[in-house]
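The values are calculated or read from the model by the stated rules, or taken from the named source; none is laboratory data. Computed from a prediction, not measured in an experiment: that's the story for all the values here. Virtual Cβ from ideal backbone geometry, glycine too; neighbours counted across all protein chains shown.
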């Protein structure tokens, strides 16, 4: 028990060939060792647990190996390799930048670089989480990183490449590590399970690989956790129970219920999922992925896109064969909309149930022969044609050609047309039929004769005489019409201050520009009402802002005396004679 080592350390790769999922990078590093073209600084970037530090250690060990193999791997037998395995090598130094990120730490590192290696060719410095260095520490490291001694090599590793200064990036060879694929993780987990004498179901390992999100270290940690829970037999049931993962069987059952139009069992299954402690968002994400997998399984050439075991792939292919593509697209659209509305909903359980019932309704007997429109959340419903819609333009599809009235059809002889057709014209490609824009009212209305259009007389304008009183009464009728809708305009026009001008103009007089602007908003409406009410189509309205009266300011005694003195000069003479003064 005291010697227990976690699988992530116990089965850590020690050669380039044993690194999982990074073949392009390991091949590049091996070729650089083979040709002797090693850069002075490397930068390994990528997410957690994908082999950055592991590859840095393998590279440091290999370039210091005294007798590398023909495949340019470390021999694991020389003094340098043995000292490295015992973690006692004086030529390979690892520095954690998270806890050694000051300028003084970098100065100590620079001082160590000046000492050449005692055994081996190179002194290798592996700086992990290098993005944690302060900006001052980066600047202190620049000169040494750019022009180190020939025996010094730097390997920097980071999960956040964007936080590293561009001046550092320009001095390094950058290697971007990718996430490890599910297939590679499953293969490695299978190898670890066999080495530990553990029987594991294939679907259980696939679930662990999916949960690890491309990180081998996370996958091995989950594997150790589940082995501690289940013992020597690792089953899919144990995995989903321990990791709190929603079982795929729920999704297969719900799709089967939808195909059978069994809304009752759909609701019962959703309720069972909630009773097991799962949130609705977990179901939405899982069901969306399930629908996507069914669409992918419709074509044998795209089945390889599924990250599932062979048994599950067969189940997807079988169920996809029974699901219409239109139904799957419709269901995906409904679930996507439910996902958007889920966070804002106050009754999340009801929202999810309504979405599933909406999908289930598309398999009802009366809709099985209907075309499911995947671009809308619900099938379109017929609406009555309103008067406004009758006047709206209607585009006739290319396949439909409106028939012409019999009187307007051109008469021609088919035989004559055939004989007059030239060979060059017959070989030309046919032009597409242009779209014709007509109105519904034109289709429903009877065809007019050509002579009717020529005989139409111009419209005669009404010119009934009116007086001041008639206009005042007409304005009163307009005010009664707008009293509930336009109270501001009503209050402006209520005094009925207007003047009749020549050329059939009614001039409204307002007190300020604000009232003028308010009348201007309804100017056309007022003019149309007065024309119809007074039966005069030549009538127009104008607006005039009245000049405001001068404002009299409050006067003091001195102002009043000055004004009186201007009107009667004897007042000043009298004030001087009597020696009078004003109280200011």
Legend entry - Set 126, 180, 119, 168: member being farther than 30 Å from residue 211 by Cβ and at pLDDT 90 or above: 168
Legend entry - region 346-381, residues that are within 23 Å of residue 281 (Cα to Cα) and either at pLDDT below 80 or touching a strand residue (DSSP E or B) at 6+ places or on another chain (Cβ under 6 Å) (or both): 374, 375, 376, 377, 378
Inset, instruction - Residue by residue through region 192-214, note down the ones that are more than 21 Å from residue 312 (Cα to Cα) and assigned to a loop (DSSP other than H, G, I, E, B). - result: 196, 197, 198
Legend entry - Some residue of region 174-191 being over 30 Å from residue 136 (Cβ atoms), surrounded by fewer than 19 Cβ atoms within 10 Å (Cβ to Cβ), touching a strand residue (DSSP E or B) at 6+ places or on another chain (Cβ under 6 Å) and not assigned by TED's automatic domain parsing to the domain that holds residue 132: no
Legend entry - residue 253 vs. criteria within 30 Å of residue 196 (Cβ to Cβ) and within 32 Å of the chain's Cα centre (by Cα): no
Legend entry - Search result, residues across region 150-164 that are within 22 Å of residue 133 (Cα to Cα) and surrounded by 15 or more Cβ atoms within 10 Å (Cβ to Cβ): 152, 153, 154, 155, 156, 157, 158, 159, 161, 164
Inset, instruction - Confirm whether residue 117 is crowded, with 17+ Cβ neighbours inside 10 Å, farther than 21 Å from residue 12 by Cβ and over 50 Å from the mean Cα position of the chain (by Cα). - result: yes
Inset, instruction - Those residues that are assigned to a helix (DSSP H, G or I) and surrounded by fewer than 16 Cβ atoms within 10 Å (Cβ to Cβ), I need them from region 299-316; list them, please. - result: 300, 301, 302, 304, 305, 310, 311, 314
Inset, instruction - Go over the candidates 200, 219, 263 one by one and state the one that is closer than 18 Å to residue 323 by Cα and touching a residue at least 12 places away in the same chain (Cβ under 8 Å). - result: 263
Legend entry - Residues that are in a helix (DSSP H, G or I) and either outside the structural domain of residue 122 (by TED's automatic domain parsing) or buried (at least 17 other Cβ atoms within 10 Å of the Cβ) (or both), drawn from region 13-29: 16, 25, 26, 29
Inset, instruction - Please specify each residue of region 477-487 satisfying the condition of being outside any loop (DSSP other than H, G, I, E, B) and under 17 Å from residue 524 (Cα atoms). - result: 477, 478, 479, 481, 482
